[in-house]
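Note sheet for the following structure.
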Amino acid sequence: MSTNVKATTSKGQALYRRAKQIIPGGTQLVSKRPELYLPDQWPSYYQQARGVEVTDIDGNTYVDMSMMAIGACVLGYADPDVDGAVKAAIDAGSASTLNSPEEVELAELMCELHPWAGMVRFARSGGEAMMVAVRIARAFTGRDKVAFSGYHGWTDWYLAANLGDETALDGQLMPGLDPAGVPRGLKGTAFPFHYNRLDQVKAIVDAHRGELGAIVMEPLRSEQPNPGFLEGVRDLATEIGAVLIFDEVTTGFRMTDGGIHKMLGVNPDMAVFAKAMANGYPMAAIIGRGPVMEAAQSTFISSTNWTERTGAVAALATIKKCRRERVAEHLIRIGEQTMAGWKKAAEAAGLTVHADGLPSLAHFAFGHADEPVLTTLFTQDMLERGYLAYSQFKPSFAHQPSHVEAYLKAVESSFSMIAAALKAGDAASRLNGPVARRGFYRLTS
Ligand code: PMP
């Protein structure tokens with residue numbers, strides 16, 4: 001493990017400058033933009049990732065105590081069991097004219113884990129799988145309109161919410177999403193509500209009763225459900241004949257084997273998984289009650305790359321390991337240790353730090369003015385100490401308590417430096433580059 005690397009990230013910076021010339025937006029995923037973490041300093045590109053360690057293209061090795069592939073690598077990087085299974089699939093041919101048998105086994109496994117579900121379709125990424133789910137729900141109900149809460153990806157059905165009121169998606173996890181290019185004809189088809197606001201769901205249902213095909217939401221993300229909230233949404237969906245879709249793209253396989261809804265006692269009509277289900281290999285699943293899923297046959301949902309073999313093989317190996325090794329319990333323990341450590345370090349330094357939410361999707365926020373400056377300073381300082389660190393930490397099975405202990409020692413030093421900066425009023429001038437950005441925005445340089 002490296003510490004105090006005093007990173008030089010010049011190759012990473014140069015490559016990202018080239019990327020921005022030829023790839024609009026610099027990367028394919030907003031959450032991997034260096035500007036979000038540490039503009040002009042973030043390592044940006046990796047050459048190797050194993051366990052909890054990432055080596056950047058300048059040759060620096062860091063311990064990743066941040067996003068772990070934006071929540072995809074639930075077992076850690078380059079997990080030997082998953083990679084071994086994928087390598088065997090590659091050796092046996094990862095694509096052919098015939099189908100891969102593993103997708104049937106995976107469909108059966110997903111239904112075994114979620115006994116309310118009877119049928120399964122596959123795709124290869126979260127937003128795309130959500131689009132499939134909404135299409136099936138619309139086909140099943142014959143209705144166009146969708147009520148939703150939270151973030152569900154880049155596709156038209158979702159961004160349509162911003163056609164009428166361009167702030168409709170603000171407060172839904174990723175503010176500032178621009179619906180340019182989304183047909184204006186979709187205006188008035190997607191209606192946002194806030195988590196725990198059953199009154200808002202009721203108002204949408206009352207206004208669009210016979211036209212609402214789906215209610216889409218994460219069953220839980222950062223806020224615990226109020227008593228009766230999820231049950232209330234379930235009842236409303238049943239009452240009006242809308243399909244209740246739980247988006248488990250981020251929450252799936254982090255708190256239990258399968259969807260977090262299994263812990264909440266409310267079953268949807270459909271649920272969607274991606275990210276953690278295949279430890280970073282492209283894979284997504286849309287599961288649902290049989291009669292709803294059958295509607296997939298009344299419309300056209302079909303794609304060549306949804307049939308390749310590595311995704312299904314990686315998912316089977318990941319899910320089997322998650323069950324065998326009780327991975328979710330490990331993630332919860334590691335996340336709890338980290339969150340308790342943030343609080344302790346903050347107290348020792350005299351800082352106000354809020355850390356709540358699910359331990360396996362841990363995050364904190366400085367409770368001081370100029371919070372973005374402090375978070376950027378934290379990332380900058382921790383990078384010099386050998387860590388990819390941010391206000392979010394997505395634990396993996398590869399993170400051991402010893403990693404967390406060493407990280408928390410560095411956090412203690414970092415927090416006391418930040419407290420000193422606050423006292424001196426010079427936090428901004430301690431930054432060696434611009435302040436980190438938030439949400440979606442257009443890159444201008
Ligand atoms: N739904 C939720 C809840 C998500 O968190 C995400 C990704 N952050 C998506 C959908 C979109 O998934 P993807 O990035 O794989 O398209």
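The values are calculated or read from the model by the stated rules, or taken from the named source; none is laboratory data. Worth saying up front: this structure is predicted, and the values here are computed from it rather than measured. Here the Cβ positions follow ideal geometry from the backbone for every residue, glycine too, while neighbour counts run over all protein chains shown. The protein model used for the area step is the full one, side chains on, heavy atoms only, and it has no ligands, DNA or RNA in it. Shrake-Rupley method; radii C 1.70, N 1.55, O 1.52, S 1.80 Å.
Just checking, which of VAL353, VAL373 is under 23 Å from the mean Cα position of the chain (by Cα) and β-branched (Val, Ile, Thr)? Every option except VAL353 fails the conditions. For the range 137-147, a residue qualifies if it is part of a helix (DSSP H, G or I) and within 16 Å of the ligand (Cβ to nearest atom), and exactly one does: ALA137.
When you go through LEU29, LEU15 one by one, which is the residue that is open to solvent by 20 Å² or more (accessible area, probe 1.4 Å), out of contact with any Leu (no Cβ under 8 Å at 6 or more places or on another chain) and within 16 Å of the ligand (Cβ to nearest atom)?
Residue meeting the stated conditions: LEU29.
Scanning the range 71-98 for residues that are under 24 Å from the mean Cα position of the chain (by Cα) and open to solvent by 20 Å² or more (accessible area, probe 1.4 Å) returns TYR77, ALA78, PRO80, ASP81, ASP83. From THR338, THR304, grab the single residue that is out of contact with any Asp or Glu (no Cβ under 8 Å at 6 or more places or on another chain) and free of Cβ contacts under 8 Å to residues at least 60 places away in the same chain. Of THR338, THR304, the one residue that is out of contact with any Asp or Glu (no Cβ under 8 Å at 6 or more places or on another chain) and free of Cβ contacts under 8 Å to residues at least 60 places away in the same chain is THR304. Just one of the listed residues (ALA314, ALA340, ALA295) is out of contact with any strand residue (DSSP E or B) (no Cβ under 8 Å at 6 or more places or on another chain), in a helix (DSSP H, G or I) and crowded, with 21+ Cβ neighbours inside 10 Å, and it is ALA314.
Counting only residues that are assigned to a loop (DSSP other than H, G, I, E, B) and more than 15 Å from PRO372 (Cα to Cα), which one in the range 415-445 is nearest to the chain's Cα centre (by Cα)? It comes out as PHE440.
Within the range 253-278, restricting attention to residues that are within 16 Å of the ligand (Cβ to nearest atom) and open to solvent by 10 Å² or more (accessible area, probe 1.4 Å), the residue that is nearest to GLN224 (Cα to Cα) is LEU264.
If only residues of the range 396-414 that are open to solvent by 30 Å² or more (accessible area, probe 1.4 Å) and under 17 Å from GLY76 (Cα atoms) are counted, the one that is farthest from the chain's Cα centre (by Cα) is SER402. Residue check: ALA190 meets all listed conditions (1) farther than 29 Å from ASN279 by Cα; (2) away from the ligand (no atom under 15 Å from the Cβ) but one, namely (2).
Restricting attention to the range 102-135 and to residues that are within 16 Å of the ligand (Cβ to nearest atom) and of a type in the set (A, V, I, L, M), the residue that is surrounded by the most Cβ atoms within 10 Å (Cβ to Cβ) turns out to be ALA133.
Are any of the residues in the range 351-360 in contact with a Phe, Trp or Tyr (Cβ under 6 Å, 6 or more places away or on another chain), within 16 Å of the ligand (Cβ to nearest atom) and either closer than 26 Å to HIS261 by Cβ or open to solvent by 10 Å² or more (accessible area, probe 1.4 Å) (or both)? Looking through the range 351-360, none of the residues is in contact with a Phe, Trp or Tyr (Cβ under 6 Å, 6 or more places away or on another chain), within 16 Å of the ligand (Cβ to nearest atom) and either closer than 26 Å to HIS261 by Cβ or open to solvent by 10 Å² or more (accessible area, probe 1.4 Å) (or both). Check the range 150-170 and report whether any residue there is within 10 Å of the ligand (Cβ to nearest atom) and part of a helix (DSSP H, G or I). For the range 150-170, residues within 10 Å of the ligand (Cβ to nearest atom) and part of a helix (DSSP H, G or I): present.
Considering the range 216-243, and only residues there that are within 15 Å of the ligand (Cβ to nearest atom) and of a type outside the set (D, E, K, R), the residue that is surrounded by the fewest Cβ atoms within 10 Å (Cβ to Cβ) turns out to be SER222. Scanning the range 418-436 for residues that are surrounded by fewer than 16 Cβ atoms within 10 Å (Cβ to Cβ) and either free of Cβ contacts under 8 Å to residues at least 24 places away in the same chain or of a type in the set (A, V, I, L, M) (or both) yields ALA420, LYS423, ALA424, GLY425, ASP426, ALA428, SER429.
For (1) within 20 Å of the chain's Cα centre (by Cα); (2) of a type in the set (A, V, I, L, M), each residue gets a yes or a no:
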{"residue": "LYS202", "(1), (2)": "no, no"}
{"residue": "GLU223", "(1), (2)": "yes, no"}
{"residue": "ILE260", "(1), (2)": "yes, yes"}
{"residue": "VAL272", "(1), (2)": "yes, yes"}
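Look at PHE393 and say whether it is among the aromatic types (Phe, Trp, Tyr) and open to solvent by 50 Å² or more (accessible area, probe 1.4 Å). In short, no.
Can you tell which of PHE397, PHE378, PHE364, PHE393 is free of Cβ contacts under 8 Å to residues at least 60 places away in the same chain, aromatic (Phe, Trp, Tyr) and closer than 22 Å to THR251 by Cα? Lay out the reasoning, then the answer.
Values: PHE397 fails: free of Cβ contacts under 8 Å to residues at least 60 places away in the same chain; PHE378 fails: closer than 22 Å to THR251 by Cα; PHE393 fails: free of Cβ contacts under 8 Å to residues at least 60 places away in the same chain.
Step by step, each of PHE397, PHE378, PHE364, PHE393 is checked, and only PHE364 is free of Cβ contacts under 8 Å to residues at least 60 places away in the same chain, aromatic (Phe, Trp, Tyr) and closer than 22 Å to THR251 by Cα.
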